[in-house]
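Enquirer: Encoded as structure tokens, here's the structure I'll be asking about.
The values are calculated or read from the model by the stated rules, or taken from the named source; none is laboratory data. All values reported here derive from a predicted model rather than from experimental measurement. Note that each Cβ is placed from the backbone with ideal geometry, even for glycine, and that neighbours are counted across all protein chains shown. Each accessible area value is taken on the protein alone, full model and side chains, heavy atoms only, with ligands, DNA and RNA left out. Shrake-Rupley method; radii C 1.70, N 1.55, O 1.52, S 1.80 Å.
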Amino acid sequence: MMFDIEAVAASFPGRLLLWLDSTDSTMLDAARLAEGGAPSGSLIGAEEQTAGQGRHGHSWHSPPGTGLYFSQVLRLHLPAHETPIVTMALGVAVAEAITQATGLAVDLRWPNDVMLNGRKAVGILVQQNNDALITGIGINVNQESFPPGIGSIATSLRIANGGRPVPREALLLQLLPAIDRTLEVLTAQGKDAILRLFSQASSYVSGRRVVVEQGDRQLRGTTDGMDENGFLMLREDNGTRTRILAGGVRPV
Ligand code: BTN
């Protein structure tokens with residue numbers, strides 16, 4: 001069934017909320033909205049993306065009618081080096097909203113994957129566009145299966161929910177206020193508050209045995225918290241404490 005954006009919009013009077021049948025990527029749509037002066041919080045989503053963007057040049061599988069794919073324009077006036085914290089703040093908000101809407105236990109894999117039963121259910125992307133941030137959240141909601149390339153690492157809320165479908169509107173109704181609240185925590189209290197919330201919601205930040213892919217090297221060790229900028233600290237098996245600057249963290 002087509003997403004009922006009106007049912008969501010009724011709870012957010014005055015906010016620009018747009019929903020398309022099909023688009024290449026909501027990241028591009030939101031960038032255009034930002035360039036046209038759209039206010040912070042404006043949202044554009046789509047039933048389907050034909051060129052959904054993932055991190056590191058990957059694509060994001062966005063089949064019609066089953067997922068929640070949307071972007072927002074944010075004007076937060078944060079220093080550019082805090083953009084990674086925005087991604088983590090969004091992860092905290094998504095985890096909270098999924099648990100509220102479904103009761104499912106959610107984990108956050110550093111730095112910004114939302115996991116259900118050890119598989120990725122959500123992807124989050126944040127890009128700078130002149131004076132605005134463009135965020136993108138892709139949630140696998142009602143997919144019942146995935147293409148071969150991602151079949152062993154992806155899951156959906158429906159699969160984690162024993163096959164029972166999850167209404168996408170109810171999820172977005174929880175998620176939008178959760179995003180607003182978490183970003184308010186970031187702008188009012190600063191990045192430490194987000195890092196604390198992230199650590200509380202993630203089993204990856206401390207005491208987790210992991211392998212980290214660093215180009216053609218693999219580091220093995222136990223996670224040992226985050227530094228003040230949200231980078232993961234790894235106590236390597238050889239005793240060295242190493243700062244991890246980018247993802248590719250998996251449990252062993
Ligand atoms: C990741 O690689 O984990 C990030 C994936 C982000 C996907 C979302 S779906 C909505 C928005 N539009 C896009 O093209 N990408 C983001």
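Enquirer: Kindly indicate which of Leu197, Leu183 is closer than 30 Å to Glu47 by Cβ and part of a helix (DSSP H, G or I).
Expert: Working: Leu197 fails: closer than 30 Å to Glu47 by Cβ.
After applying the criteria, what remains is Leu183.
Enquirer: Test of understanding: among Glu48, Glu82, which residue is open to solvent by 10 Å² or more (accessible area, probe 1.4 Å), more than 9 Å from the ligand (Cβ to nearest atom) and touching a residue at least 60 places away in the same chain (Cβ under 8 Å)? Lay out the reasoning, then the answer.
Expert: Numbers: Glu48 fails: touching a residue at least 60 places away in the same chain (Cβ under 8 Å).
Only one candidate qualifies: Glu82.
Enquirer: Going through segment 183-196 one residue at a time, which ones are closer than 11 Å to Met88 by Cα and either among the acidic types (Asp, Glu) or open to solvent by 10 Å² or more (accessible area, probe 1.4 Å) (or both)?
Expert: Passing the criteria: Leu183, Lys191, Leu195, Arg196.
Enquirer: Could you tell me how many of the residues in segment 2-39 are touching a helix residue (DSSP H, G or I) at 6+ places or on another chain (Cβ under 9 Å) and outside any helix (DSSP H, G or I)?
Expert: Within segment 2-39, the subset touching a helix residue (DSSP H, G or I) at 6+ places or on another chain (Cβ under 9 Å) is 3-5, 7-8, 11-12, 15-20, 23, 38.
Checking which are outside any helix (DSSP H, G or I) leaves us with 3-4, 11-12, 15-20, 23, 38.
Result for segment 2-39: 12.
Enquirer: With the condition kept exactly as written, say whether any residue in segment 228-246 is crowded, with 17+ Cβ neighbours inside 10 Å, in contact (Cβ under 8 Å) with a residue 60 or more places away in the chain and closer than 30 Å to Ala10 by Cβ.
Expert: No, that holds for no residue.
Enquirer: Related question: Please tell me if Val92 is away from the ligand (no atom under 13 Å from the Cβ), open to solvent by less than 30 Å² (accessible area, probe 1.4 Å) and of a type in the set (Val, Ile, Thr).
Expert: Yes.
Enquirer: Since Val141 meets every condition but one in (1) open to solvent by 10 Å² or more (accessible area, probe 1.4 Å); (2) in a loop (DSSP other than H, G, I, E, B); (3) within 13 Å of the ligand (Cβ to nearest atom); (4) not aromatic (Phe, Trp, Tyr), which condition does it not meet?
Expert: Against the list (1) open to solvent by 10 Å² or more (accessible area, probe 1.4 Å); (2) in a loop (DSSP other than H, G, I, E, B); (3) within 13 Å of the ligand (Cβ to nearest atom); (4) not aromatic (Phe, Trp, Tyr), Val141 comes up short only on (1).
Enquirer: Also, I was wondering about something else. Just for segment 69-79: of the residues that are surrounded by 12 or more Cβ atoms within 10 Å (Cβ to Cβ) and part of a loop (DSSP other than H, G, I, E, B), which one is farthest from the ligand (Cβ to nearest atom)? Write out each step before concluding.
Expert: Let us first name the residues in segment 69-79 that are surrounded by 12 or more Cβ atoms within 10 Å (Cβ to Cβ), namely 69-76, 78.
Checking which are part of a loop (DSSP other than H, G, I, E, B) leaves us with 75-76, 78.
Values: Arg75: 18, Leu76: 18, Leu78: 20 Å.
The qualifying residue farthest from the ligand (Cβ to nearest atom) is Leu78.
Enquirer: Given the structure, is Gly54 within 8 Å of the ligand (Cβ to nearest atom) and among the small types (Gly, Ala, Ser)?
Expert: yes
Enquirer: Under 9 Å between Cβ atoms, which residue pairs at least 6 apart in sequence (or on different chains) link something in segment 187-198 that is polar (S, T, N, Q) with a partner that is open to solvent by 20 Å² or more (accessible area, probe 1.4 Å)?
Expert: Close Cβ pairs satisfying both conditions: Thr187/Leu76; Thr187/His77; Thr187/Leu78.
Enquirer: Identify the single condition in (1) of a type in the set (Ser, Thr, Tyr); (2) away from the ligand (no atom under 12 Å from the Cβ); (3) open to solvent by 60 Å² or more (accessible area, probe 1.4 Å) that Thr66 does not satisfy, given that it satisfies every other one.
Expert: Condition (3) is where Thr66 drops out.
Enquirer: Looking at Thr87 and the list (1) in a helix (DSSP H, G or I); (2) over 20 Å from Ser25 (Cα atoms); (3) among the hydroxyl-bearing types (Ser, Thr, Tyr), which single condition is not satisfied?
Expert: Thr87 satisfies every listed condition except (2).
Enquirer: What tally of residues in segment 159-182 results from selecting those that are open to solvent by 50 Å² or more (accessible area, probe 1.4 Å) and at negative phi?
Expert: Residues of segment 159-182 open to solvent by 50 Å² or more (accessible area, probe 1.4 Å): 159, 162, 164-165, 167, 173-174, 180-181.
From what is left, the residues that are at negative phi are 159, 164-165, 167, 173-174, 180-181.
Total meeting the criteria: 8.
Enquirer: Looking at (1) more than 8 Å from the ligand (Cβ to nearest atom); (2) among the aliphatic types (A, V, I, L, M); (3) at pLDDT 95 or above; (4) open to solvent by 50 Å² or more (accessible area, probe 1.4 Å), which is the only condition Ala34 fails?
Expert: (4)
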